[in-house]
1. Considering only the other residues whose Cβ falls under 13 Å of the Cβ of residue 128, what net charge follows from Lys and Arg at +1 and Asp and Glu at -1?
2. Mind grabbing the accessible area of residue 69 for me, 1.4 Å probe, Å², rounded to tens?
3. Once you have a ≥ b ≥ c as the square roots of the Cα gyration tensor eigenvalues for segment 98-190, tell me rounded if a/c is under 1.5, and otherwise prolate or oblate according to whether a/b is larger than b/c.
4. Roughly how many Å² is the accessible area per residue of the chain, as a whole number, for a 1.4 Å probe?
5. Under the 0.36 nm per residue contour assumption, what length would be gained going from the current alpha-carbon distance of residue 88 and residue 34 to full extension?
6. Could you order 82, 105, 169 by accessible surface area, starting with the largest, using a probe radius of 1.4 Å?
7. Got a number for carbon plus sulfur as a percent of the chain's accessible area, 1.4 Å probe?
8. Considering only the other residues whose Cβ falls under 15 Å of the Cβ of residue 119, what net charge follows from Lys and Arg at +1 and Asp and Glu at -1?
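The values are calculated or read from the model by the stated rules, or taken from the named source; none is laboratory data. Computed from a predicted structure; not experimentally measured. Using ideal geometry, Cβ is built from the backbone for each residue, glycine included, and neighbour counts are taken over all protein chains shown. SASA here: full protein model, heavy atoms, side chains in, ligands and nucleic acids out. Shrake-Rupley method; radii C 1.70, N 1.55, O 1.52, S 1.80 Å.
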Amino acid sequence: MLFLGIQCNQDRTFTAAVINESRQVISITNLWKEGLIWYLDHINPSVVAVNFSLWFKENQTKNAYEIIHKLIDIFDFVPADREIKTAEKLVIKTDTDLFFKQLVRKELLPIKTREGIEQRIYNLPKAGITVKPEMLSADRNKLQKEVISIGTAFASYSVYHGQFTIEERNNDILHIPVYRYIPKSERQKF
């Protein structure tokens, strides 16, 4: 079973991360809209999460809504609301900053800074999320998008497993993963 997270970028591209049942990141990809649609068709995820951060620019929000409509219209995904109904394919909205605040447990540094990116990456294993370092970009701008997409993919995983809370913002229902510490002895390894 695969769980997909999508980060809509300011340059009209999308960063997609896929995690599996073991919370392992198996791919991180940067795509244009047409490529994302092809990608969705080929990986066939169970749950797709789309990030809606407060710091989004207007075009990012527009692109996020557009991709959700494509998921519903083309791939027959069902939009999740307060009650998660049994559906073969779900699409949810999330805000990774709300998850990372739980994970970090202190002031969340801005994602635009190297320290903010490192803070998030360092804490991923505490939630049981594993990612091979070579999968991550050396470019800071790409890396921030990749880290956000990993958190978004984890939101998909969490909704499937019923480990989430609901937040409402601007008439949107956001599904936020509930952080649960995973001891080192129980963490999956690649």
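1. Working: positive: 23, 126, 180, 184, 187, 189; negative: 21, 186.
In short, +4.
2. Accessible surface of residue 69 is approximately 110 Å².
3. Details: a/c = 1.66, a/b = 1.15, b/c = 1.44.
Oblate shape, in that a/c is at least 1.5 and b/c is the bigger or equal ratio.
4. On the way: 9540 Å² over 190 residues.
That works out to 50 Å² for each residue.
5. Details: separation 54, 0.36 × 54 = 19.44 nm, distance 2.35 nm.
Working it through step by step, the gained length comes to 17.1 nm.
6. Details: 82 120, 105 175, 169 50 Å².
I get 105, 82, 169, largest accessible area first.
7. Details: 4800 of 9540 Å².
Using a 1.4 Å probe with all protein chains present, the chain comes out at 50 percent carbon and sulfur.
8. Numbers: positive: 101, 105, 106, 112, 114, 120, 126, 140; negative: 97, 107, 115, 118, 146.
Combined, the nearby Lys, Arg, Asp and Glu give +3.
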